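In what follows, a single structure is set out as structure tokens and then discussed.
The values are calculated or read from the model by the stated rules, or taken from the named source; none is laboratory data. On a predicted model such as this, the values are computed, not experimentally measured, just so you know. For neighbour counting, all protein chains shown are included, and Cβ atoms are generated from backbone atoms with ideal geometry for every residue, glycine included.
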Amino acid sequence: MTETDNPLIAGLGGDLIPQPCTVVIFGGAGDLTRRKLLPALYNLALDGVLPAQFAVVAYALDSLDDGAFREFARKGIEKYSRRPLEQEDWAPFAERLYYQQGSFDDDDAIAALKARLHGIEAELGLNGNRMFYFAVPPTFITTCARAISESGLVADPELGTPWTRVVIEKPIGRDLQSARAINDDLQAHLAESQIYRIDHYLGKETVQNILVMRFGNAIFEPLWNAKHIDHVQITVSEAEGVGTRAGYYETAGALRDMVQNHILQLLSLVAMEPPWSMDPDVIRDARLDVLRALRPITPENIDANVVRAQYASGFYQGTDVPGYRRENGVAADSTVETYVALRVFLDNWRWAGVPFYIRTGKALPKRASEIAVHFKSVPHVLFNTDEQHPLEPNVLALRIQPDEGLSLRIASKLPGPRVRIYPVKMDFRYGNTFGDQAPEAYERLLLDVMAGDATLFMRRDAVEASWAWIQPILDAWQSKKARWLPEYPAGTWGPIESERMITDHDRDWRVL
Ligand code: BG6
């Protein structure tokens, strides 16, 4: 198979081919590298889609050498790779892994990194294309950007090759002002075209399928508007509590952690206008338009449209779960929300008056993410005349995870002499059709950076547009100075307030 035939590298934006490069991971001895980046790169190697000339150079404070780093990588891959590590594939991959010790703000160490990169690249015949991956805590992002730019490690963006691309992890700030400050700092050192802000939800197979489903089929798009759709529900529920991440989560909460980024991106894909081409910026413009059409949340409408809550002690699969305030590292009087539900509107022609209900939380009954499009009811004639038992409207549910797939609920006649109507489901399951081994989000995203396709990455304007919309909610919460939040027992579907938010409008959350 040639590179262009390989379906795994046929990019969403065209047939982009990963180019030879060095992946330089700042924070290369950390958790993200071990759990996600190295396993993703290894799986790309297994698929044969990595460029022939390729190297990984990890840069971090830990005192490791190449051998110890390869061992670190092997363990990470053995534990977290979706496919098992096989010695014959591992050996050629491991040879491409290097380690350089140093801190992010030490000029001499960065100069030594630069010299090492030159050496490795000369040896492997690499042309100086570099992907810098900042797998570092948010406070170090700008330090790293400054370090690479001041040491001359950033190529001129006007030159096609060699290129420099820099991958940044979330969170980009914790409010509009800090996000702008980070973006300003980044832009002092890098061109926007060199910055790849990752939102790993955009790399999920099922999320990418939203566009294919909408624009690769004739039957959905004509119905995809306020005339036919009653409302949309977006649920991202997690069974786990805060786990070991209290230090970060206490500064974030569900709104910042999940809604500002992942969920608003899901909303953008579901609600965007058809892009006029597959060009990354055309698609990103269309997503941005959705964020700009979000109806502002104001002090007057916040109570009707936003519910926050925190998990109290409860049970999950037969075991006791402590309440959030009793978790390790959480303040005993914390008012950080672990659950948020919202009713949002898009003030544009397509979606006028259609509510989008969003809910996300930790310590809910199960891990399940889906987007459910609820169509309008059929008229109250013929089969739908019984007001006590109205027909259930059609629902198209896009299951993002787990059990990826989509289902359509339709009314059907029960077999027999009388006309009795029953809702049935047409169900498509990825696993059944394509097998269980969909690539991980990071695989796709790393490949896209190597290919220079920014479609699935966040542009500065989108990050700031979503913070701009979130900001009034943060401000309102701040000014309320609540001493406690509504609670829900761990292992349940959120607080009663979120039920009311939807049932007050004669709708119900879907049972997942
Ligand atoms: C991360 C959040 O961005 O996404 C986590 O910081 C959350 O709190 C995670 O658990 C969910 O990702 P996924 O891919 O497991 O749904």
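Across segment 200-258, the number of residues qualifying as part of a loop (DSSP other than H, G, I, E, B), within 16 Å of the ligand (Cβ to nearest atom) and not small (Gly, Ala, Ser) comes to 8.
Listed here are the residues, each with its yes/no results for (1) surrounded by fewer than 19 Cβ atoms within 10 Å (Cβ to Cβ); (2) more than 16 Å from the ligand (Cβ to nearest atom).
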| site | (1), (2) |
| --- | --- |
| 397 | no, yes |
| 400 | no, no |
| 426 | yes, yes |
| 434 | yes, yes |
| 445 | no, no |
| 458 | no, no |
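Could you go through segment 268-275 and let me know if any residue there is within 30 Å of residue 177 (Cβ to Cβ), within 13 Å of the ligand (Cβ to nearest atom) and under 18 Å from the mean Cα position of the chain (by Cα). Checked against the condition, which is being within 30 Å of residue 177 (Cβ to Cβ), within 13 Å of the ligand (Cβ to nearest atom) and under 18 Å from the mean Cα position of the chain (by Cα), segment 268-275 yields no hits at all. Of the helices (runs of 4 or more DSSP H) that lie entirely inside segment 33-140, those containing 1 or more residues that are closer than 30 Å to residue 180 by Cβ, at pLDDT 95 or above and of a type in the set (Val, Ile, Thr) span 107-124.
Just the residues that are outside any loop (DSSP other than H, G, I, E, B), away from the ligand (no atom under 16 Å from the Cβ) and either polar (S, T, N, Q) or touching a residue at least 12 places away in the same chain (Cβ under 8 Å) (or both), please, taken from segment 366-387. 372, 373, 374, 375, 383, 384, listed by residue number. When 233, 208 are screened for being in contact (Cβ under 8 Å) with a residue 40 or more places away in the chain, out of contact with any helix residue (DSSP H, G or I) (no Cβ under 7 Å at 6 or more places or on another chain), surrounded by 19 or more Cβ atoms within 10 Å (Cβ to Cβ) and not small (Gly, Ala, Ser), only 233 passes. For segment 293-308, the set of residues classified as in contact (Cβ under 8 Å) with a residue 40 or more places away in the chain and closer than 19 Å to residue 356 by Cα consists of 293, 294, 295, 296, 297, 298, 302, 304, 305, 306, 307, 308, listed by residue number.
Against the numbered list (1) free of Cβ contacts under 8 Å to residues at least 40 places away in the same chain; (2) in a helix (DSSP H, G or I); (3) more than 16 Å from the ligand (Cβ to nearest atom), residue 290 comes up short only at (1).
Within segment 127-174, the set of residues being closer than 16 Å to residue 111 by Cβ and charged (D, E, K, R) comprises 130, 146, 150.
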